[in-house]
């Protein structure tokens, strides 16, 4: 549905007026650890298979219903052992992984080495068509289970994965990858119960995991109810009775519901309310740095954006955007103008390098106009920036970016916004390669490594390389960096790759985003992790 | 149901009760002179020998209506507003300098000031300029949609009413079907698949869902008019269908259509704003009040002026057209005299 955001809003408002309690915040008061909180959400793009979820809304749920070998510390983002008792390697290429004893899935089944190996094999197999298959790309045998460019699949399982015993399995990579263990907290690496394979449809309608919450019910377009799993074996058990994730197609509505007491937690404060949020919520407003960068990606499958000179047009567009002004006026400084393609939460040592983008990210209308003219002008004389209208106040900044470009080029119609109604629809259109101009691309890191800001997004055919940008030099540098065991050297090589990205302007960096959230006075101990996702299991409800 | 062709014998028909509650149109006063050719009889109404009027001029429905309207303050007021709107639509730059698409983020949400009496919106666009330019879109869509609906609806309805029979039944059922489609829902479904940036899809949609209303009015009105003696006379004298329709029936059946269309014009303007507000009507960079209201609504707490001015302009415009329609109805409906 193209841009019909307010329609649903109106329908929901009417429903609220009729049945005021229907949107109430859980309702069951009293019991402290049994109380349920409600939180704003959007429908995930795909059914919740761990290896098929590469967007934020589905990832939020996976974080609640799964625990993987590693878990990222909710405060520092550091990868810590969760189900992994130990991960051993002597050469950064062969790993022996031991799974902790005593873990089960919420249906009682034991979590074993096989749970992981089966899950990973499923994710890597071409016939299952999983979006995150690429994450298994370094495991030996991936070229047989997931051949590129229409080749025939010759194996169903990865030859690099071997179950040794109930709690041990080995992983053989096709090349050195020193930070491989740190990536294992990503939900794509989650273990799966046998029920996933034997009763797949049943599992999809009600996923079974091993996390602190279990899915109780899900009505698409309305709500997903998650309840505390009482027998959860981990040490991060839920401190509340559960979470109702309510679908909103407009974050303004969610915010209004929060103020009205119909919702407990909003993890996306609308830009239009940033001026008021401190007044409205006081210290119940969170604004913390997060590993999120917003960019504009380009459809490199469209020859208009992939011909000689179009890198100049892209750089010109980048220079036509007044990031300083937009972050200040539209976002009230809850965003910081981007000067590279990573995020400040990585820290200098982790690979964040302020100013790496250089001139190419500096606002200079005259230079912008010149560059675009040199590059042959805007394709078709106009760029349309496609975005989803239901989350993140994207309309406001897209309009502002367009106005900035229009003012720089002295043409009122050089740039227009092109809204898509919902995030899921927007992702599908991107997946179907239907973009004809720049489109919004935000990246919320999966794990706090510079590799995660570059490889999944810009490596040839990577899982989230939405624009299909491809550059041999970049790919080689990334491979080289991954093989490097010395962290400082690896980071340096990644930054060289980033410079390649800059020189071709594979995507325009816009700004680093803070996580922002507001919550009702029923809640306490609310935190956002470095991924800007609320740490649901620690929230206390009174 | 009216009898279909062939024509009834002269002097038999006449006093049927008007159907559909349509406003009975009288006029073309004067007695019939069977000795002369029918055309002459009906075109040249006899001047004054009946001695009822104080003047020599014949009085028609239209001249009566015009005399009424001139004395109606509602008509004068709404007429002035509409004249102003039309003027602004044709030459917006006369009262608003600068481009409505020129926005300076540094001025976002600022209030009234020199050069921007209505202040700036959330993107730093001049609200005054945008409100002025928005009139053009609204008036264009309203007028064109009304013209389309009136033409399409009255032609279809008029033919169905005149010929009757199976075509009349079929058309009546089709209008029933169209009446059953909720306008906003229909707009969300149909217009959401349109990618065009122009006003035409919106106008086309309004014509598509608006014509049955006019079609019903026109049908009823034609059925009433065709029972009149002078039509029967014309038919007896061998006038062709087209001559009867165009010369005798249309002028006498058009008044209700005009009244309904004028009132509908206001609602079409409101509908365009509604659809644009919902994101399926006009699309930026087209300047429309609906789009501006939608964009400004999240900022209502910090910059209410950006919401209130286009809303006010929209309300005033719709009100003016509805008041005009009201005045025209009062003037054309003899029952209200």
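The values are calculated or read from the model by the stated rules, or taken from the named source; none is laboratory data. Please read these numbers as outputs of a predicted model, since none were measured by experiment. A quick note on method: Cβ atoms are made from the backbone with ideal geometry, for glycine too, and the neighbour counts reach across all protein chains shown.
Every condition in (1) part of a loop (DSSP other than H, G, I, E, B); (2) farther than 30 Å from residue A:277 by Cα; (3) in contact with a strand residue (DSSP E or B) (Cβ under 7 Å, 6 or more places away or on another chain) holds for residue A:457 except the one numbered (1).
Looking for something without any contact (Cβ under 8 Å) to a residue 40 or more places away in the chain, out of contact with any helix residue (DSSP H, G or I) (no Cβ under 7 Å at 6 or more places or on another chain) and within 14 Å of another protein chain (Cβ to nearest Cβ) - is there at least one such residue anywhere in the range A:302-310? Looking through the range A:302-310, none of the residues is without any contact (Cβ under 8 Å) to a residue 40 or more places away in the chain, out of contact with any helix residue (DSSP H, G or I) (no Cβ under 7 Å at 6 or more places or on another chain) and within 14 Å of another protein chain (Cβ to nearest Cβ).
Let me confirm something: among A:349, A:268, which residue is assigned to a loop (DSSP other than H, G, I, E, B), in contact with a helix residue (DSSP H, G or I) (Cβ under 9 Å, 6 or more places away or on another chain) and touching a residue at least 12 places away in the same chain (Cβ under 8 Å)? Full working, then the answer.
Numbers: A:349 fails: assigned to a loop (DSSP other than H, G, I, E, B).
Among A:349, A:268, only A:268 is assigned to a loop (DSSP other than H, G, I, E, B), in contact with a helix residue (DSSP H, G or I) (Cβ under 9 Å, 6 or more places away or on another chain) and touching a residue at least 12 places away in the same chain (Cβ under 8 Å).
In the range B:94-109, is there at least one residue being more than 14 Å from every other protein chain (Cβ to nearest Cβ), surrounded by fewer than 16 Cβ atoms within 10 Å (Cβ to Cβ), under 33 Å from the mean Cα position of the chain (by Cα) and assigned to a helix (DSSP H, G or I)? Yes; the residues of the range B:94-109 include at least one that is more than 14 Å from every other protein chain (Cβ to nearest Cβ), surrounded by fewer than 16 Cβ atoms within 10 Å (Cβ to Cβ), under 33 Å from the mean Cα position of the chain (by Cα) and assigned to a helix (DSSP H, G or I).
Residues in the range A:38-91 that are within 30 Å of residue A:426 (Cα to Cα) and either part of a strand (DSSP E or B) or not assigned by the TED database to the domain that holds residue A:214 (or both): A:38, A:39, A:40, A:41, A:71, A:72. Against the list (1) at pLDDT 90 or above; (2) surrounded by fewer than 23 Cβ atoms within 10 Å (Cβ to Cβ), the condition residue A:509 fails is (2).
Residue A:291 meets each of the listed conditions (1) in a helix (DSSP H, G or I); (2) surrounded by 24 or more Cβ atoms within 10 Å (Cβ to Cβ); (3) away from chain B (no Cβ under 14 Å) apart from (1).
The set of residues in the range B:240-274 that are surrounded by fewer than 24 Cβ atoms within 10 Å (Cβ to Cβ) and within 14 Å of chain A (Cβ to nearest Cβ) contains only B:274. For residue A:321, the requirement of being within 14 Å of chain B (Cβ to nearest Cβ), over 20 Å from the mean Cα position of the chain (by Cα) and either part of a helix (DSSP H, G or I) or surrounded by fewer than 22 Cβ atoms within 10 Å (Cβ to Cβ) (or both) is not met.
Counting the residues of the range B:54-94 that are touching a helix residue (DSSP H, G or I) at 6+ places or on another chain (Cβ under 8 Å) and within 30 Å of residue A:330 (Cα to Cα) gives 1. Restricted to helices (runs of 4 or more DSSP H) entirely inside the range A:135-206, those with at least 2 residues that are surrounded by 19 or more Cβ atoms within 10 Å (Cβ to Cβ) are A:142-145. When restricted to residues that are within 14 Å of chain B (Cβ to nearest Cβ) and buried (at least 21 other Cβ atoms within 10 Å of the Cβ), the range A:354-391 contains 8. Residues in the range A:324-343 that are surrounded by fewer than 20 Cβ atoms within 10 Å (Cβ to Cβ) and either in contact with a strand residue (DSSP E or B) (Cβ under 6 Å, 6 or more places away or on another chain) or part of a loop (DSSP other than H, G, I, E, B) (or both): 5 in all. Selection of the range A:381-400 for residues being farther than 23 Å from residue B:196 by Cβ and modelled with pLDDT of 90 or more yields A:397, A:400.
Are any residues in the range A:427-454 part of a helix (DSSP H, G or I) and either within 14 Å of chain B (Cβ to nearest Cβ) or touching a helix residue (DSSP H, G or I) at 6+ places or on another chain (Cβ under 7 Å) (or both), and if so, which ones? Outline the logic, then answer.
Our first condition is that a residue be part of a helix (DSSP H, G or I); within the range A:427-454, this holds for A:427-431, A:450-454.
Matches in the range A:427-454: A:429, A:450, A:451, A:454.
Out of the residues in the range B:283-307 that are within 27 Å of the chain's Cα centre (by Cα) and part of a helix (DSSP H, G or I), state the one that is nearest to the other protein chains (Cβ to nearest Cβ). Among residues in the range B:283-307 that are within 27 Å of the chain's Cα centre (by Cα) and part of a helix (DSSP H, G or I), the one nearest to the other protein chains (Cβ to nearest Cβ) is B:294. Can you work out which of the residues in the range B:110-121 that are away from chain A (no Cβ under 14 Å) and not in a loop (DSSP other than H, G, I, E, B) is nearest to the chain's Cα centre (by Cα)? Only one residue fits best here, namely B:116. Looking across the range B:167-193, the residues that are within 14 Å of chain A (Cβ to nearest Cβ), surrounded by 14 or more Cβ atoms within 10 Å (Cβ to Cβ) and either closer than 13 Å to residue B:157 by Cα or free of Cβ contacts under 8 Å to residues at least 40 places away in the same chain (or both) come down to B:186, B:189, B:190. Taking residue B:79 as meeting all but one of (1) farther than 28 Å from residue B:200 by Cβ; (2) at pLDDT below 90; (3) more than 14 Å from chain A (Cβ to nearest Cβ); (4) surrounded by fewer than 19 Cβ atoms within 10 Å (Cβ to Cβ), write down the number of the exception. Unmet condition: (2). The condition of being farther than 30 Å from residue A:491 by Cα, at pLDDT 90 or above, surrounded by 19 or more Cβ atoms within 10 Å (Cβ to Cβ) and not assigned by the TED database to the domain that holds residue A:55 holds for only one of A:215, A:247, that being A:247.
Of the residues making up the range B:122-135, those that are closer than 20 Å to residue A:411 by Cα and either touching a helix residue (DSSP H, G or I) at 6+ places or on another chain (Cβ under 7 Å) or within 11 Å of chain A (Cβ to nearest Cβ) (or both) are B:123, B:124, B:125, B:127, B:130, B:133, B:134. For the range A:404-423, the candidate set comprises residues that are in a helix (DSSP H, G or I) and surrounded by fewer than 23 Cβ atoms within 10 Å (Cβ to Cβ); within that set, the residue that is farthest from the other protein chains (Cβ to nearest Cβ) is A:409. Residues in the range A:512-533 that are touching a helix residue (DSSP H, G or I) at 6+ places or on another chain (Cβ under 7 Å) and at pLDDT 90 or above: A:512, A:518, A:519, A:520, A:521, A:525, A:527, A:533.
Every listed requirement among (1) surrounded by fewer than 19 Cβ atoms within 10 Å (Cβ to Cβ); (2) touching a helix residue (DSSP H, G or I) at 6+ places or on another chain (Cβ under 9 Å); (3) touching a residue at least 60 places away in the same chain (Cβ under 8 Å) is met by residue A:485 save one, (2). It is to be established whether one or more residues within the range A:241-249 are farther than 22 Å from residue A:430 by Cα, assigned to a helix (DSSP H, G or I) and out of contact with any helix residue (DSSP H, G or I) (no Cβ under 9 Å at 6 or more places or on another chain). No, the range A:241-249 has no match at all.
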